[in-house]
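The values are calculated or read from the model by the stated rules, or taken from the named source; none is laboratory data. Please read these numbers as outputs of a predicted model, since none were measured by experiment. All Cβ positions, glycine included, derive from the backbone under ideal geometry; neighbour counts span all protein chains shown.
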Amino acid sequence: MEPGDPLPDSWRASLAASLVVATEIRLLREQLRGSAITPEAAASDILASVRRLMEDHSLPQLLASAAVSPPHDALTRPLEPGNRGDLVDGRYRLLQLLGEGGMGQVYLAEQLGTGRRAVLKFMHASARSAESQAFFEHEIRALAAVQHPRVASIYDAGRVDGRLYIAMEYVSGESLRAHIESGDLSFQDACLVILQACAGLDAIHTHQIIHRDIKPENIMIRRTPSGIEVKIVDFGIAIINQRDAVGNLTGEGMVSGTCAYMSPEQVQALPVTPASDVYSLGIVAYELFSGANPFRGRSPHETMFNQMQLDPPPLDGVLPHCPAVVARAVERTLVKDPARRARSARDLAAAMAEALSGLSRDTAVGAGNLT
């Protein structure tokens, strides 16, 4: 692509979406500073920045380096559910396309020789630079070191046609989101879910990993004869909280995550710490017990503003019979200032364990109906 050439339609769509997000973030930051900037002015400033990039030819080069190759093989061609697809690295057979998003594509696969099911996540073709590959491989080494029953295991990683992939444990069962929507968990089971999620999160943090996208969709639940089992999944945007040869991996200057579960520091693109994940898990706990996310607004902008400014009502005010130890522990996870927030998941886990000692199993949760 040369300067002055028209942008392809796919790039125009991506650029338009990026401009919307950038404008939302600019509006939020100015609003927090007390500025009376209008949406039109914020959008105008963002567009002026884009024009400057176009004038010095930086934007076309950036877009060209991030372009996604057109479909040409089994890794970009959707598979019909249940069909047997192509081999990957001679080790996995693709079975089904599970989903596709900003990070890449996710397939259900079968590991040859063992018959074990696995999840294969392929990074988009834009992740081909030496720097992005080094970053990816660094993360895989760290993630593979986490061996814990409450964390989905990383099997291995590799490259196919220049595209990076990671093979992960396939976790059966349902996401916590499905259980929140159905309201089928007792209060005791809900405490068990948060307790186990705390154990998984603590194991991740012990290895200096920050998940950055803790939410109900990334907490899987399976019922077994011995009870409920929980696993944390999807490390697509996880980062290693340290600096090494790969560079600064603290995530400063980049907004990543799901805004309804972002910590205030994530919203502001500030460095994240384990306390950021604790905040996200606190939102999950609040939503699980009450049936509602306390920060979700009518738009991403409103939701991010709420994350920065809104203090949710105490949980035992929403649920009068909620044990005080649970309400206070959840409240400590949702403190805006990370320096004053509960810094590890162990505090929340201790509260869940204490509450479990006096709960009956037939108490239901969700939608404020705790009785």
Options V255, V272; residue that is at pLDDT below 95, crowded, with 19+ Cβ neighbours inside 10 Å and assigned to a loop (DSSP other than H, G, I, E, B): V272
Qualifying residue in region 216-227 (condition: surrounded by fewer than 20 Cβ atoms within 10 Å (Cβ to Cβ), among the charged types (D, E, K, R), outside the structural domain of L98 (by TED's automatic domain parsing) and free of Cβ contacts under 8 Å to residues at least 40 places away in the same chain): no
Filtered residue count, region 213-229, keeping only those that are over 25 Å from Y279 (Cβ atoms) and either in a loop (DSSP other than H, G, I, E, B) or under 10 Å from the mean Cα position of the chain (by Cα) (or both): 2
Region 285-310, residues that are buried (at least 22 other Cβ atoms within 10 Å of the Cβ) and either in contact with a strand residue (DSSP E or B) (Cβ under 7 Å, 6 or more places away or on another chain) or part of a loop (DSSP other than H, G, I, E, B) (or both): F295
Among the residues listed as I154, I209, I194, the single one being closer than 15 Å to D234 by Cβ, surrounded by 21 or more Cβ atoms within 10 Å (Cβ to Cβ) and either touching a Ser or Thr at 6+ places or on another chain (Cβ under 8 Å) or β-branched (V, I, T) (or both): I209
Yes/no for A353 being part of a helix (DSSP H, G or I), at pLDDT 90 or above, small (G, A, S) and surrounded by fewer than 17 Cβ atoms within 10 Å (Cβ to Cβ): yes
Residues of region 293-315 that turn out to be within 14 Å of A190 (Cβ to Cβ) and touching a residue at least 60 places away in the same chain (Cβ under 8 Å), as a count: 0
Inter-residue pairs, beta-carbon under 7 Å, first under 15 Å from A197 (Cα atoms) and in region 144-167, second of a type in the set (K, R), 6+ apart: R150/K231; V151/K231; A152/K231
Close pairs from region 112-123: first free of Cβ contacts under 8 Å to residues at least 60 places away in the same chain, partner among the small types (G, A, S), Cβ under 7 Å, at least 6 apart: A118/A109; A118/A167; L120/A109; L120/A167; F122/G104; M123/G104
